[in-house]
Amino acid sequence: MTPAQQLPGRGHIIRHLRVRLVLGSITVVALVVAVLTPVGQASAAEYPTWAEVEAARASETEGQALVAQITTQIAELDSVATASAELALTRGAEYEEADAQFLDAAYQADTLQEQARTAEATATQSRDRAAQIIASQARSGGQDLTSTLLTGAQDPDDFLSQLGFADKIAETSQGIYVDASQDQNIAQGLGDQAALARDARDALRQEADDARRDAEAASAAADEALAVQVDKQAELQAQLAVLTDQRAATEQDFAAGEAARAAERARIQAEAAARAAAAAAAATSAGQVAGSGWANPTTGRMVSAYGYRIHPIQRVWKLHSGIDIAGGCGVPIYAASAGTVAYSGVYGSYGNWILLEHANGIQTGYAHIENGGLLVSRGQRVEAGQLIARAGSTGGSTGCHLHYEVRPGGSSTDPAPFMSARGIQLG
């Protein structure tokens, strides 16, 4: 299948994405109304205080009313967090779909443009060669025939021989001209296809940018909803236990329990940090910054290269727009170069995904990060070799690994030669 045959029809792609985005917008509005309204209702001013809880214990009616209120608020926090997380997953999947369409179109446009350049060079060489051959034959054959006519040579055999040579010049010239014309037509056709591919690519780039902004907003909303849930739900549950068990309790009791839970969380985080440090120490080259200012993003062996392939899960022929490096679960992932976090969140079959923006319009992407392994947030500045994530198997993945991408100008390129040119050997 040629690149031109692989390229989807521009009209079909844009119509498909527009319908998807319109339907997605309707869904966003409905979910925002359904999800965010409870957040406004359950504002901080409406959450019961510990003093109110203690007062309500003295009255069965007030106690039952406060139990009902707290139960409703806990359910609302669960609902908001769940719906927000689901919306973030949906927007992440739409972002991946739009981005994949764009990357594929960009790859096709680049391929057709290169073919068009090669064909144009061939056509130019054909035209130049034809002109040289025709001119040379015309000088040699044409001059002899003219000399025969002007000097009055009457030898019939010589004259017929000259005429035959002139016919051969005309025949050869015609063939050379046809070949040159065919080469030019091929070049023109490829040039036209490349122009159409660029138009489709540019339209899809805008669609992908819009989908990315939607995904960023949904991810931020999900983070906020989760933070509110974590902040308030434990306290509400403690207050509910006081009312339902009819036992005395104070805010200080809750604070003491929170301190114990915080200590346990700190212990778990310290253990995770120790495992990450041990894995980092075992990686001799990962994270080290070369003289070019670029760093090896992780350690492990390359298990899948860049280019078109049969997707191991979806079983369809599609562009694998990066390389896969398998070093194990929890292996540290480092920023390949200094830059800014453009995206950090769920991204369809990529699972947890980080996109960094660097100088000169270059982006790098890191996919399948483990849950809890996103260590940077959108808008954050990172340095080359900085720890940004831990490898996992989220999304469409068959095992723990890093899917690493490089995107100059937003389009994908093979990361292996790109990084090699900067002194980094991947895998």
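Laid out as a table, the results:
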item: The listed residue being at pLDDT below 80, in a helix (DSSP H, G or I), buried (at least 17 other Cβ atoms within 10 Å of the Cβ) and not assigned by TED's automatic domain parsing to the domain that holds VAL316, out of ALA98, ALA138, ALA130; result: ALA130
item: Selection status of THR90, at pLDDT below 80 and assigned to a helix (DSSP H, G or I); result: no
item: Residue list for region 354-371, filter: over 10 Å from THR340 (Cα atoms), touching a residue at least 24 places away in the same chain (Cβ under 8 Å) and assigned to a strand (DSSP E or B); result: ILE354, ILE362, THR364, GLY365, TYR366, ALA367, HIS368, ILE369, GLU370
item: All positions within region 317-353 that are in a loop (DSSP other than H, G, I, E, B) and not aliphatic (A, V, I, L, M); result: SER321, GLY322, GLY327, GLY328, CYS329, GLY330, SER337, TYR347, GLY351
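The values are calculated or read from the model by the stated rules, or taken from the named source; none is laboratory data. All values derive from a computational prediction rather than experimental measurement. Cβ: placed from backbone, ideal geometry, glycine included. Neighbour counts: every protein chain shown.
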